[in-house]
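Single-structure report; data block below.
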Amino acid sequence: MVSSVMAFTPVVNSSQADSAGLPRLPVLLLRRMARHMEPVIILVRPQMGENIGAAARAMLNFGLTELRLVEPRDGWPNPRAVAMASGAAGQVLDRARVFPTLAEAMFDIDYAYATTARGREMTKPVLTPATAMADAHERDARGERVALIYGPERAGLENDDVARANAIITVPVNPDFPRSIWRRRCC
């Protein structure tokens with residue numbers, strides 16, 4: 001049986017081992033081994049604290065707790081996000097991290113899914129939410145870190161944001177009002 005954990009080469013000198021003679025592992029690898037790696041949720045330029053709070057609440061409903069914010073319009077922390085998050089404030093919002101750019105928010109991400117309701121002129125796989133989550137589960141089993149990227153409420157992700165992702169998740173929505181995806185984004 002092949003293990004999903006990487007095989008380690010034997011320690012060849014003392015600088016590669018701890019005091020017990022066990023191999024030193026890179027910090028990132030240790031973090032991945034420590035717990036199941038849930039998907040990271042990245043909100044890019046969110047416009048309203050209430051929507052950040054609603055996303056946090058939906059995240060916690062599905063057992064997700066790692067939220068990253070890129071340039072929140074109304075700053076962070078945001079009392080309106082806390083009010084809307086209900087019981088998710090302590091487990092999601094208090095641990096949320098803010099980044100100045102999407103690239104920085106993705107520093108440890110191996111594979112990212114951008115969410116969009118608009119067609120894009122990009123050569124990327126376009127997946128349904130169910131297919132994307134099955135793929136994410138397989139990647140997680142291989143030790144890969146995945147993220148779901150959501151854009152601002154008003155217009156969604158910009159092409160430069162989508163370009164940073166490996167695949168696109170799209171939900172069939174009313175073509176006359178595609179921005180309503182925000183309301184379904186984490187559910």
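The values are calculated or read from the model by the stated rules, or taken from the named source; none is laboratory data. All values derive from a computational prediction rather than experimental measurement. Positions of Cβ are generated from backbone atoms using ideal geometry, with glycine treated the same way; all protein chains shown enter the neighbour counts.
Which ones in segment 74-105 are in a loop (DSSP other than H, G, I, E, B) and either in contact (Cβ under 8 Å) with a residue 40 or more places away in the chain or in contact with a Ser or Thr (Cβ under 6 Å, 6 or more places away or on another chain) (or both)? Steps first, answer last, please.
The initial filter retains those residues of segment 74-105 that are in a loop (DSSP other than H, G, I, E, B), namely 74-78, 89-92, 96, 100-101.
Those that are in a loop (DSSP other than H, G, I, E, B) and either in contact (Cβ under 8 Å) with a residue 40 or more places away in the chain or in contact with a Ser or Thr (Cβ under 6 Å, 6 or more places away or on another chain) (or both): Gln91, Val92, Ala96.
Of all the residues that make up segment 154-163, how many are surrounded by fewer than 19 Cβ atoms within 10 Å (Cβ to Cβ) and either aliphatic (A, V, I, L, M) or in contact (Cβ under 8 Å) with a residue 60 or more places away in the chain (or both)?
From segment 154-163, those surrounded by fewer than 19 Cβ atoms within 10 Å (Cβ to Cβ) are 154-155, 158-160, 163; that's our starting set.
Filter again for either aliphatic (A, V, I, L, M) or in contact (Cβ under 8 Å) with a residue 60 or more places away in the chain (or both), leaving 154-155, 163.
Residues in segment 154-163 being surrounded by fewer than 19 Cβ atoms within 10 Å (Cβ to Cβ) and either aliphatic (A, V, I, L, M) or in contact (Cβ under 8 Å) with a residue 60 or more places away in the chain (or both): 3 in total.
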Problem - Looking only at segment 106-119, and only at residues there that are in contact with a Gly (Cβ under 8 Å, 6 or more places away or on another chain), of a type outside the set (A, V, I, L, M, F, W, C) and not in a strand (DSSP E or B), the one that is nearest to Ala134 (Cα to Cα) - result: Thr116
Fill in the blank from the handout: Of (1) of a type in the set (D, E, K, R); (2) over 27 Å from Gln47 (Cα atoms); (3) modelled with pLDDT under 95, Asp135 fails just (3)
Practice task
With the condition kept exactly as written, say whether any residue in segment 157-171 is at pLDDT 95 or above, over 16 Å from Leu43 (Cα atoms) and not basic (Lys, Arg).
Solution key: yes
Exercise for the section: Name the single residue, out of those in segment 106-129 being among the charged types (D, E, K, R) and surrounded by fewer than 15 Cβ atoms within 10 Å (Cβ to Cβ), that is nearest to Val171 (Cα to Cα). Expected result: Lys124
Practice task
Could you look through segment 86-105, keep only residues that are buried (at least 21 other Cβ atoms within 10 Å of the Cβ) and modelled with pLDDT of 95 or more, and pick out the one that is nearest to Ala165 (Cα to Cα)?
Solution key: Leu102
